[in-house]
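A.B. asks: I'd like to ask you about the structure that follows.
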Amino acid sequence: MRKIFILTLALVVAAGFAFAGGDSGNSGASDKKMFVTIGTGGVTGVYYPTGGAISKMVNQKSDEYNLKVTVESTGGSVYNVNAIMSGDLEFGIVQSDRQFQAYNGTADWEGNPQENLRAVFSIHPESVSLLAAVDAGIDSLMDLKGKTVNIGNPGSGQRGNATDILEAAGINPESDIKAGGLKAAEAAGMLQDGRIDAYFYTVGHPNGSFKEATAGARAVKFVPLDGAPVEQLVGEYPY
Ligand code: GLU
């Protein structure tokens, strides 16, 4: 497991817990129980059980805190930021790079900075990981050309990471690969079924998705994300 972790730890982003500051409408309601929902990610990721653990801890002292927490499985970081900002969620677990982009108005939030977004605390490191079927012959990023690769559903954190790293490697995600937009929870089964050659997932380890993907009949492997494209991204972006 340690070896796998080092192989996939080329780019680390920290998952944090974010919420929108400002007028929540709940302030001052000290005698009334407050209901809050934490947006997480797919059920085979780490956000979902992490949110579950946080909610369990808080709910054990629900009467003392006047707080009841529920957890929702969602499309991931980008979805969570947008749902927090629109008031559909009170809290969400969000990649630190997505928080940075949202707050500063870049990437998905170009020209639209989300300055009321607040980070509450950081939780665990994640790695941008690429898992491939051994029979697909993918040993490096460049071998992805012509392959069917799941880059992640819109709303996920990994979709932007996958796109950035492909572009840094000179691979056009629209024309050089057959890019899929599956949810992370579906990707492991699709890899085992031979429907995709590889998938990106920005996630903590261990996680249910990779457990499922590595437990099937089709042999799979982690592809190292290293070298010039990763160095370029790390040099270019402060997060
Ligand atoms: N990092 C992923 C995302 O932001 C979610 C990972 C997880 O669910 O553990 O979409």
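Each reported figure results from applying straightforward, stated rules to the coordinates on display, with no laboratory input. Note that the structure is a prediction, hence the values are computed from the model and not measured. For neighbour counting, all protein chains shown are included, and Cβ atoms are generated from backbone atoms with ideal geometry for every residue, glycine included.
A.B. asks: Could you please rank 210, 100, placing first whichever residue has the fewest other Cβ atoms within 10 Å of its Cβ?
C.D. replies: Final ranking by Cβ density, sparse to dense: 100, 210.
A.B. asks: What does the chain give for Rg and for Dmax, in Å, if only its C-alpha atoms count?
C.D. replies: Spelled out, the Cα radius of gyration and Dmax of the chain are 18.5, 61 Å.
A.B. asks: Determine, for 121, 200, the number of other Cβ atoms within 10 Å of each Cβ, and report the residues in order from fewest to most.
C.D. replies: 121, 200
A.B. asks: Among 77, 96, 55, whose mean-square fluctuation peaks in a Gaussian network model of the chain (Cα, cutoff 10 Å)?
C.D. replies: The residue that fluctuates most here is 55.
A.B. asks: By a straight-distance test (C-alpha under 19 Å), which aspartates and glutamates pair with residue 56 as possible cross-link partners, with residues fewer than eight away in the same chain excluded?
C.D. replies: 64, 72, 90
A.B. asks: Aspartates and glutamates within cross-link reach of residue 221: Cα-Cα under 16 Å, excluding same-chain residues under 8 positions apart?
C.D. replies: Those aspartates and glutamates meeting the cut-off are 135, 139, 143, 193, 197, 212.
A.B. asks: Sort out the exposed loop GluC sites (Glu not before Pro) in the chain (DSSP loop, at most 14 other Cβ within 10 Å) and tell me the longest stretch that has none.
C.D. replies: 1-109
A.B. asks: Related question: Can you compute the modelled spin-label distance between residue 211 and residue 112, with each label point 7 Å from Cα toward Cβ, in nm?
C.D. replies: Each label point is offset 7 Å from its Cα along the Cβ direction, giving 3.7 nm.
A.B. asks: Here is a further query. Given q = 0.21 Å⁻¹, what are the Debye log10 I(q)/I(0) values for segment 101-189, with equal point scatterers placed on the Cα positions and solvent ignored?
C.D. replies: -1.11
A.B. asks: With 10 angstrom as the radius, rank 33, 145, 183 by how many other C-beta atoms surround their C-beta, starting from the fewest.
C.D. replies: Arranged by neighbour count, lowest to highest, 33, 145, 183 become 33, 145, 183.
A.B. asks: Among DSSP bridges having both ends in segment 130-239, what percentage is antiparallel? Round to the nearest 5.
C.D. replies: 55
A.B. asks: Once amide H atoms are built 1.01 Å from N in the peptide plane, which residues 5 or more positions from residue 220, or in another chain, come under 5 Å H to H?
C.D. replies: The list, which skips near neighbours in sequence, is 134.
A.B. asks: Filter 61/183; 145/211; 32/61 down to the pairs with a C-alpha to C-alpha distance above 22 Å, please.
C.D. replies: Distance filter (> 22 Å) returns 61/183; 145/211.
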